[in-house]
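The values are calculated or read from the model by the stated rules, or taken from the named source; none is laboratory data. All values reported here derive from a predicted model rather than from experimental measurement. Methodologically, a virtual Cβ is constructed for each residue, glycine included, from the backbone with ideal geometry; neighbour enumeration extends over all protein chains shown.
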């Protein structure tokens with residue numbers, strides 16, 4: 001057990017990229033991490049890492065030690081999962097990532113319920129709207145909304161989700177209602193800027209036709225909640241996910257524009273590293289959250 005902990009300790013350092021980040025993940029002081037690493041290197045008789053103020057770099061020996069350690073810790077976890085699954089026990093560590101707003105509204109309560117059913121689990125939920133590709137290996141499950149750019153993970157569909165152009169009734173009363181995407185050039189656009197995407201080019205399709213429009217942002221933010229707030233205040237037209245605005249559309253606080261013109265879908269999926277060899281806890285979590293969105297997602301209401 002002690003040797004397994006040592007292997008996992010080194011894997012944690014490498015995957016977090018710095019001793020300070022590893023210390024936070026391990027709930028240790030940076031000095032304790034440094035001392036433990038030095039003791040490991042002294043015991044092995046080789047230098048595993050070159051350390052700088054902010055980053056670490058693997059030596060050749062460190063690269064070999066990390067590769068084998070990562071494989072052995074994964075095999076050890078799979079062994080424990082297999083043994084415990086025979087007792088119908090889901091336990092261990094589960095690390096989940098999700099989008100900020102969606103995670104607060106849907107993932108957080110779902111994970112609380114899942115933990116109530118499996119109290120032996122230790123679950124960490126990280127929420128962020130930033131591109132996490134460099135840190136993707138740190139997570140067992142990534143809940144993702146929208147276009148997939150990384151094909152290294154396997155996607156498990158969770159829920160359908162459209163993107164809608166919306167505005168408040170007050171704004172439309174003052175500025176008129178656009179009948180087609182081309183009309184949007186005459187309207188104030190509320191733009192969400194994130195991950196260096198081209199967010200001012202809105203692409204629509206209708207019955208095989210495609211039409212793109214370059215909008216002029218009146219207001220922009222990196223926070224989707226702020227964009228929605230501005231739209232509710234009557235500041236302009238926004239594009240938001242159905243999960244976020246369906247309730248306001250139903251109660252009349254927002255109006256869905258041009259329903260005959262569709263924006264690219266932004267379906268909700270769960271991403272895992274590989275189809276084979278999933279741990280019992282990951283498998284149980286995937287099954288659980290998939291059921292929470294069936295027979296239809298909560299934002300579409302009862303049918």
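Quick check on residue 114: is it buried (at least 16 other Cβ atoms within 10 Å of the Cβ) and in a helix (DSSP H, G or I)? Judged against the criteria, residue 114 is a match.
Report those helices (runs of 4 or more DSSP H) wholly inside the range 224-303 carrying at least 1 residues which are over 21 Å from residue 185 (Cα atoms), out of contact with any strand residue (DSSP E or B) (no Cβ under 6 Å at 6 or more places or on another chain) and at pLDDT below 90.
It comes to 280-292.
The listed residues are 157, 169, and the only one of them that is loosely packed, with under 15 Cβ neighbours inside 10 Å and at pLDDT 95 or above turns out to be 169. Of the residues in the range 42-55, not one is within 27 Å of the chain's Cα centre (by Cα), in a loop (DSSP other than H, G, I, E, B), at pLDDT 85 or above and over 27 Å from residue 119 (Cβ atoms). Selection of the range 199-246 for residues being touching a residue at least 60 places away in the same chain (Cβ under 8 Å) and within 23 Å of residue 174 (Cβ to Cβ) yields 202, 231, 232, 233, 234, 235, 236, 237, 238, 239, 240, 245.
Scanning for something under 28 Å from residue 296 (Cα atoms), over 24 Å from the mean Cα position of the chain (by Cα) and in contact (Cβ under 8 Å) with a residue 60 or more places away in the chain, does the range 134-150 turn up at least one residue? No, the range 134-150 contains no residue that is under 28 Å from residue 296 (Cα atoms), over 24 Å from the mean Cα position of the chain (by Cα) and in contact (Cβ under 8 Å) with a residue 60 or more places away in the chain.
Let's see how each residue does on (1) under 27 Å from residue 131 (Cβ atoms); (2) modelled with pLDDT of 90 or more; (3) not assigned by TED's automatic domain parsing to the domain that holds residue 142:
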residue: 76; (1), (2), (3): no, no, yes
residue: 80; (1), (2), (3): no, no, yes
residue: 96; (1), (2), (3): yes, yes, no
residue: 100; (1), (2), (3): yes, yes, no
residue: 104; (1), (2), (3): yes, yes, no
residue: 107; (1), (2), (3): yes, yes, no
residue: 114; (1), (2), (3): yes, yes, no
residue: 117; (1), (2), (3): no, yes, no
